[in-house]
Amino acid sequence: MRERIPVVVQRNSRGRRVAARGLWVGAELVVTLGFVLLLLVVHQLWWTNRQARAGAEHQVRALQREWGEERGGAVGGDPGGGSSEQGGPGRSDGSGGRSAGGGTARSAPRWDQAYAVIRIPRLGLVAPVAQGVSKSGVLDKGYVGHYPRTAQPGQAGNFALAGHRNTHGEPFRYINRLRRGDRIAVETRDAVYTYAVGRTLARTSARDSGVIAAVPRSNVKPYTGYGRAGSYVTLTTCTPEFTSRYRLVVWGELLDVRSR
């Protein structure tokens with residue numbers, strides 16, 4: 001009887017090693033990429049907030065210290081109230097004039113200069129207000145930005161502001177929680193202007209310039225806003241959260257002026 005010899009077929013062990021190594025490298029790349037993305041998220045959602053809030057708090061203290069020193073040294077000083085070199089309430093076109101508080105308005109603040117403090121008790125918000133709405137010079141510092149060519153605090157017209165809703169201090173994150181009658185106080189070197197929240201617009205186009213007009217009224221939703229002249233404040237931020245597709249708007253009307 002003829003004997004059969006078994007044949008053993010060996011697989012390519014080298015090919016298996018190469019495949020295993022490729023899978024290992026791929027897994028390492030995925031883990032590394034995930035770690036990098038996690039670091040980016042932590043940086044955006046935690047570190048930028050921490051850094052911006054610390055800087056904004058420091059700026060608020062610096063403004064209050066500066067104003068206190070000026071008031072303390074006003075006796076025997078310039079009867080006009082001191083130099084207009086630093087920004088206080090002024091006309092939106094930068095010229096002199098009268099503010100709603102009855103005092104002489106100062107010249108417009110310099111670009112990116114912090115010159116006021118906004119306080120919203122319901123939200124526990126205290127933040128500096130700076131001239132302009134640039135990201136690097138104002139908003140990313142955790143400041144609230146004043147739209148150029150809109151009124152200054154207390155003046156007739158619209159004191160229009162912008163702030164981040166997420167990251168970089170996110171001062172306007174919760175303005176959607178504001179309700180009719182809530183107070184918004186704006187403090188300058190000369191006075192404290194208190195506004196009462198009147199109306200909100202939950203969503204509108206980022207190009208809806210009507211919301212920051214002198215008489216604020218949406219161009220997208222023309223029945224939303226105001227139809228008469230007055231002294232208004234407008235808060236604008238992005239919506240939905242973590243996007244910049246639309247704008248959320250809160251309006252208020254001047255309620256009280258207290259000279260300092």
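Structural remarks
- Residue count for segment 216-252, restricted to those that are of a type in the set (Gly, Ala, Ser), assigned to a loop (DSSP other than H, G, I, E, B) and buried (at least 17 other Cβ atoms within 10 Å of the Cβ): 1
- Within segment 208-229, the presence of a residue that is in contact (Cβ under 8 Å) with a residue 40 or more places away in the chain and within 15 Å of the chain's Cα centre (by Cα) is excluded.
- THR167 fulfils the conditions (1) closer than 30 Å to ARG71 by Cβ; (2) modelled with pLDDT under 95 except for a single criterion, (1).
- Total residues in segment 182-225 satisfying the condition of being touching a strand residue (DSSP E or B) at 6+ places or on another chain (Cβ under 6 Å), of a type in the set (D, E, K, R) and closer than 21 Å to TYR246 by Cα: the figure is 3.
- Failed condition for ARG119, given (1) surrounded by 23 or more Cβ atoms within 10 Å (Cβ to Cβ); (2) part of a strand (DSSP E or B): (1)
- Looking across VAL138, VAL133, one residue alone is without any contact (Cβ under 8 Å) to a residue 40 or more places away in the chain, surrounded by fewer than 24 Cβ atoms within 10 Å (Cβ to Cβ) and β-branched (Val, Ile, Thr). It is VAL133.
- Residues of segment 124-172 satisfying the condition of being of a type in the set (Ser, Thr, Tyr) and either farther than 15 Å from GLN51 by Cβ or assigned to a strand (DSSP E or B) (or both): SER134, TYR147, THR150
- GLY97 being at pLDDT 95 or above and either over 19 Å from VAL233 (Cα atoms) or within 20 Å of the chain's Cα centre (by Cα) (or both): no
- On the stretch given as segment 164-189, residues that are in contact (Cβ under 8 Å) with a residue 60 or more places away in the chain and out of contact with any Gly (no Cβ under 7 Å at 6 or more places or on another chain) total 14.
- When we screen GLY72, GLY88 for residues that are at pLDDT below 55 and among the small types (Gly, Ala, Ser), the only hit is GLY88.
- The set of residues in segment 173-212 being assigned to a strand (DSSP E or B) and either among the polar types (S, T, N, Q) or modelled with pLDDT under 95 (or both) consists of THR194, THR200, THR204, SER205.
- Qualifying positions in segment 168-185 - surrounded by 24 or more Cβ atoms within 10 Å (Cβ to Cβ) and either under 11 Å from VAL126 (Cα atoms) or not hydrophobic (A, V, I, L, M, F, W, C) (or both): GLY169, PRO171, PHE172, ILE184
The values are calculated or read from the model by the stated rules, or taken from the named source; none is laboratory data. Being a predicted model, the structure only gives us computed values, none of them experimental. All Cβ positions, glycine included, derive from the backbone under ideal geometry; neighbour counts span all protein chains shown.
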